[in-house]
1. Here is a check on your reading of the model: is D382 within 28 Å of T112 (Cβ to Cβ) and either out of contact with any helix residue (DSSP H, G or I) (no Cβ under 7 Å at 6 or more places or on another chain) or not charged (D, E, K, R) (or both)?
2. If you go through the range 337-358, how many residues are open to solvent by 30 Å² or more (accessible area, probe 1.4 Å) and either of a type in the set (K, R) or outside any helix (DSSP H, G or I) (or both)?
3. I need the full set of residues from the range 318-332 which are open to solvent by less than 20 Å² (accessible area, probe 1.4 Å), in a loop (DSSP other than H, G, I, E, B) and within 16 Å of ligand 1 (Cβ to nearest atom), in order please.
4. What's the number of the only condition in (1) out of contact with any helix residue (DSSP H, G or I) (no Cβ under 6 Å at 6 or more places or on another chain); (2) more than 21 Å from L328 (Cα to Cα) that P421 fails to meet?
5. Just one of the numbered conditions (1) within 16 Å of ligand 2 (Cβ to nearest atom); (2) out of contact with any strand residue (DSSP E or B) (no Cβ under 6 Å at 6 or more places or on another chain) is not true of E340; which one?
6. From the list S284, S315, pick out the single residue that is more than 15 Å from ligand 3 (Cβ to nearest atom), at negative phi, at pLDDT 95 or above and of a type in the set (S, T, Y).
7. Based on this model, can you work out whether I200 counts as in a strand (DSSP E or B) and surrounded by 15 or more Cβ atoms within 10 Å (Cβ to Cβ)?
Amino acid sequence: MRDRILSFLSERGTLADEQAVEYFLTQADPLGAADRLLRAFQDPPLVITLEDIQRAVAIARAATDRAATVRTRPPAPAAAFAIPASFRETVAPAADVAEDIRVLKDITGHSTCEGTLADFARYFRHRFQTIARILRHRPELAGAMEIARAKKLTRDTAVIGIVTDVRTTKNGHRILELEDETGSVSVLLPAGSSLAADAIVNDEVIGVTGRSNDRGLFIAKSLLHPDLPTSKAFPGTEGHLRVGFMSDIHVGSRTFLADRWAKFSAWACDGDEVARSLRYLVLSGDVVDGIGVYPRQDEELVLDDIYAQYEALASMLHELPDHLKVILLPGNHDAVRPAEPQPALPTAIQKLFDSNVKFVGNPSTVSLHGVRVLAYHGRSMDDFVSAVPSLSYARPLDAMREMLRKRHLAPIYGGKTPIAPEAEDHLIIDQVPDIFVTGHVHAAAVGEHRGVVLVNSSTWQAQTSFQKMHNIEPVAGRLPIVDLHTGEAVLKVF
Ligand code: D5M
Ligand code: FE
Ligand code: ZN
């Protein structure tokens, strides 16, 4: 039952400490109790503690009492998310801490690609070789051989290749086409096996063990993803400095939530000790709504000039406290080439902002006091969600875990995510980050994968007519905050 509780919680992007698990185990229906508790939170904390449970139970009881005694009263407003006590430890104000930002990886100023056929060949060769090198660290793949050779042998072998096709036969077997520099092979993942259920997508690089049959079909025994090392310690800064994460502000849109933003801004300026401990704000793209991003967008804009949109954002950011350093990367609505990796916003736009804003590309890896933050807008989640039935827009952390497992931010080529064939594949996750953040899907969640803190950074835009058509319910006005000392993450609601 303990394992079932933990996996139930982790599927919902949260964890529980030992005492909280004990609490659930003492309930008549432990999973039901966990489910009710999660519903009580507007946004569950990364790790649920006994204290969180006690608070939620007390709020629920008070609400029931009120409902029982004064039936004519309107319902109590939903309990605001309470930041756990551990997050409130006394901290030095962020204003007293010198800025420490280093950009570790960013395409800005280094783009070389012209999109020729030779560029594509070189790009995919770089992707294959880099990820194959990571895969060869796995003992099962240390002796991986070239596909052309493995096809001729009928004993157990291992190969590494790039997936060029995935299909399901009418009997439920899955067939992958796997290619390396020497040739290609069809790989059979037997129906009903866990291999057939794995989320394999086109253009990812994987390893397979198994053997060729006499007709040259490679029968897989195991599939290997590069993934991350099984666990990793969070580096941790000296003091409790915090970073807030935002994306998808969509300034200029009719549906931009000005009132929610005003609440955030007021809290940031003279809020509690958590507000004062916030040193950085990472904006992961779609900071404005842009112009001409989709058909008839003009009907949904209040600001139909791109400069006016960025000027409005600049003045919103100008209102924030001086000690809050902003790091801004573009998304698919921003005024820069859509092909990824996207460079930072052009100088003409940067000039509208004050010096408190630092502009980087999408994706970028930035060190904050030695904590490595990988920020990516997240356009590729559109392709993940359409390619893998078990993934959805409502659960972005699952798609992010797939990116880490595949060590690639946007493996699927030729889908909705435009990719520029740079000399090197900048979308490979070569170094393991400490914090990995995406936006784009207008959801909000914090979680963890093998020691990496995962953040999906909400939106400040209400549901658009496009999202209504596609049944996408945004989760707006949430601010994920990560403590750079502990890696603990919370979602604050505005
Ligand atoms: O994307 C906001 C949300 O809308 C995000 O969940 C993706 C979804 N979206 C955006 N464009 C498409 C298309 N073309 N198909 C399906 N889903 C889409 P944003 O980048 O803010 O527009
Ligand atoms: Fe967006
Ligand atoms: Zn987007």
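1. Values: within 28 Å of T112 (Cβ to Cβ): yes; either out of contact with any helix residue (DSSP H, G or I) (no Cβ under 7 Å at 6 or more places or on another chain) or not charged (D, E, K, R) (or both): yes.
The answer is yes for D382.
2. Taking the range 337-358 first, the residues open to solvent by 30 Å² or more (accessible area, probe 1.4 Å) are 337-338, 343, 346-348, 350-352, 354-356, 358.
Cutting the leftovers down to either of a type in the set (K, R) or outside any helix (DSSP H, G or I) (or both) gives us 337-338, 343, 346, 351-352, 354-356, 358.
Matching residues across the range 337-358 total 10.
3. Correct list: P330, G331.
4. The failed condition is (1).
5. Every listed condition holds for E340 apart from (2).
6. On the way: S284 fails: more than 15 Å from ligand 3 (Cβ to nearest atom).
Only one candidate passes the filter, namely S315.
7. On the way: in a strand (DSSP E or B): no; surrounded by 15 or more Cβ atoms within 10 Å (Cβ to Cβ): yes.
So I200 does not fit the description; no.
Residues are listed down the side, and each one gets a yes or a no for (1) under 23 Å from G115 (Cα atoms); (2) not aliphatic (A, V, I, L, M):
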{"site": "A420", "(1), (2)": "yes, no"}
{"site": "Q431", "(1), (2)": "no, yes"}
{"site": "A443", "(1), (2)": "no, no"}
{"site": "S457", "(1), (2)": "no, yes"}
{"site": "K468", "(1), (2)": "no, yes"}
{"site": "P474", "(1), (2)": "no, yes"}
{"site": "I481", "(1), (2)": "no, no"}
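The values are calculated or read from the model by the stated rules, or taken from the named source; none is laboratory data. Everything quoted here is computed from the prediction, not taken from an experiment. Cβ coordinates were reconstructed from backbone atoms using ideal geometry, including for glycine residues, and neighbour counts include every protein chain displayed. Heavy atoms of the whole protein, side chains included, go into the accessibility calculation; ligands, DNA and RNA do not. Shrake-Rupley method; radii C 1.70, N 1.55, O 1.52, S 1.80 Å.
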